[in-house]
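Worksheet: the structure to be examined is printed underneath.
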Amino acid sequence: MDEPAGSPEIGDSREAFERLAREQLPRLYSLARRLTSEGAEDLVQECLLRAYRSFDTLAEPQAGGSWLQSILVNAFRDRLRKESRTVQEVAVEEVDDFSLYRTIAEEDPFPYSDTLHLDFLHAFGKEDVREVLLRLPDIYRAPLVLRYMQGFATKEIARLLDAPLGTILARLHRGRKLFERELWAYAEEMGMLHKGAAP
Amino acid sequence: MSEGHRIIPCSDAVRQLWDYLDRTLSPEDQARVEGHLAFCRKCCGELEFAKELQAFLVSNSADEIPPHVKARLERFVDEL
């Protein structure tokens, strides 16, 4: 680290940062892989770099994990801006009518199952879920991941993504619907359903 | 006056289920969804599935970091 040597305080700070960073690497990497299809490791590095530069602003060490995750989300948001991607809004009427619950009940993908809906979900492994998430446009995937996988409050997500709360709530709504629709589509494409299976 | 204005159809209730679980609805809408769930068994099934989907997302939120990636990132921390 490029800092003056010899100061015990700085040495302690460096040790504390290293400890926190190493401890949080798995969580940061998991989050990065769910936010982005490519460059997860690079995103974690960007996060660590920013965190190291501003480590003295971390007031409460016990909040270090959330603090690092927030920095990673900021880096992700900045990356999206830099790439100047067009916002891919999905019309609400395009997804609003889809109900995964109803589709599973009607299509009956696991004949004779007593726990049809749960069986459907249990057919997905973690990589399958990631693949489905990555099918969603960034603007819907990010709030969904932050709210339902990382447990951020909607107000906090609005702050992190620098968007009005109403926009985040609307994107969460569409994101959930898109996720449901893509879960079904993915299961069909990957042959995970046993429709029409012989008794 | 009847309380019919408080009754909402299944389509409205289902559309608001996740927001209902998140408690991001207005108190009036929260009460309307709750009122609907009190008598609609089908929507209670939708509600249970919404809870299962939320738990499904949580359970798929983390995975193992590959050792070679972990080693690279640890080296990155060392070199900062």
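The values are calculated or read from the model by the stated rules, or taken from the named source; none is laboratory data. The structure displayed is predicted, hence computed values, not measured ones. Heads up, the Cβs are rebuilt from the backbone with ideal geometry, glycines too, and the neighbour counts pull from every protein chain shown. Surface accessibility is based on the protein's heavy atoms, side chains included, excluding ligands, DNA and RNA. Shrake-Rupley method; radii C 1.70, N 1.55, O 1.52, S 1.80 Å.
Quick notes on this structure:
- Filter pass, residue B:62 being farther than 23 Å from residue A:167 by Cα, touching a Lys or Arg at 6+ places or on another chain (Cβ under 8 Å) and modelled with pLDDT under 95: yes
- Residue list for the range A:41-68, filter: over 17 Å from residue B:80 (Cα atoms) and buried (at least 21 other Cβ atoms within 10 Å of the Cβ): none
- Residue satisfying condition, being without any contact (Cβ under 8 Å) to a residue 12 or more places away in the chain and either open to solvent by 10 Å² or more (accessible area, probe 1.4 Å) or closer than 22 Å to residue B:21 by Cα (or both), within set A:131, A:189, A:182: A:189
- Any hit, the range B:50-66, residues being open to solvent by less than 30 Å² (accessible area, probe 1.4 Å) and over 24 Å from residue A:127 (Cα atoms): no
- Residue in the range A:98-129 that is nearest to the other protein chains (Cβ to nearest Cβ), counting only those that are part of a loop (DSSP other than H, G, I, E, B) and within 11 Å of residue A:180 (Cα to Cα): A:99
- Qualifying residue in the range B:37-44 (condition: touching a Lys or Arg at 6+ places or on another chain (Cβ under 8 Å) and either surrounded by 13 or more Cβ atoms within 10 Å (Cβ to Cβ) or at pLDDT 95 or above (or both)): no
- Take the conditions (1) more than 28 Å from residue A:158 (Cβ to Cβ); (2) touching a Phe, Trp or Tyr at 6+ places or on another chain (Cβ under 8 Å); (3) not β-branched (Val, Ile, Thr); residue A:100 misses just one of them, which is (1).
- Subset of the range B:36-50 [touching a Leu at 6+ places or on another chain (Cβ under 7 Å) and over 11 Å from residue B:13 (Cα atoms)]: B:50
- For residue A:13, the conditions (1) over 20 Å from residue B:70 (Cα atoms); (2) within 14 Å of chain B (Cβ to nearest Cβ); (3) at pLDDT 90 or above all hold with the exception of (3).
- Selected residue [among the small types (Gly, Ala, Ser), more than 9 Å from chain B (Cβ to nearest Cβ), open to solvent by 40 Å² or more (accessible area, probe 1.4 Å) and on the phi < 0 side of the Ramachandran plot] from A:153, A:142, A:158, A:163: A:153
- Residue A:59 passes every criterion in (1) more than 9 Å from chain B (Cβ to nearest Cβ); (2) within 22 Å of the chain's Cα centre (by Cα); (3) of a type in the set (Gly, Ala, Ser); (4) farther than 20 Å from residue A:131 by Cβ apart from (2).
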